[in-house]
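The block underneath contains the structure these notes are about, expressed in structure tokens.
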Amino acid sequence: MKSIDRVTIYSALSFACLCSLLLRTEETFSLFPVFGLLASIFGIVLEVRFWRDISEDYN
């Protein structure tokens, strides 16, 4: 899997977690979307920090 693919997956996961947090009702409370959002942000930070040149992904 290429680096850009992993960043795309982390971005989609963070979007889904953010929507889950914003669309919840007051009666239901769960920390799973918060943990998912933090994990996906952490994954994006790691991928960007250790980003390789795109040409290296093709080898």
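The values are calculated or read from the model by the stated rules, or taken from the named source; none is laboratory data. On a predicted model such as this, the values are computed, not experimentally measured, just so you know. Counting neighbours? That spans all protein chains shown, and the Cβs are built from the backbone with ideal geometry, glycine included. Side chains included, ligands, DNA and RNA excluded: accessible areas come from the protein's heavy atoms. Shrake-Rupley method; radii C 1.70, N 1.55, O 1.52, S 1.80 Å.
Which ones in segment 26-46 are modelled with pLDDT under 85 and either acidic (Asp, Glu) or open to solvent by less than 70 Å² (accessible area, probe 1.4 Å) (or both)?
Matches in segment 26-46: Glu26, Glu27, Ser30.
Where residues in segment 1-25 are of a type in the set (Ser, Thr, Tyr) and in a helix (DSSP H, G or I), which of them is least open to solvent (accessible area, probe 1.4 Å)?
Residue satisfying both the conditions and the ranking: Ser3.
So is Ser30 farther than 21 Å from Trp51 by Cα and touching a Pro at 6+ places or on another chain (Cβ under 7 Å) or not?
No; evaluated as a whole, the condition is false for this residue.
Condition (residue is of a type in the set (D, E, K, R), modelled with pLDDT under 85, part of a helix (DSSP H, G or I) and surrounded by 11 or more Cβ atoms within 10 Å (Cβ to Cβ)) applied to segment 49-57: is it met by at least one residue?
Within segment 49-57 (the criterion being of a type in the set (D, E, K, R), modelled with pLDDT under 85, part of a helix (DSSP H, G or I) and surrounded by 11 or more Cβ atoms within 10 Å (Cβ to Cβ)), the answer is yes, since at least one residue qualifies.
Among the residues of segment 13-33, what is the count of those that are touching a Cys at 6+ places or on another chain (Cβ under 6 Å) and more than 19 Å from Gly43 (Cα to Cα)?
So the answer is 0.
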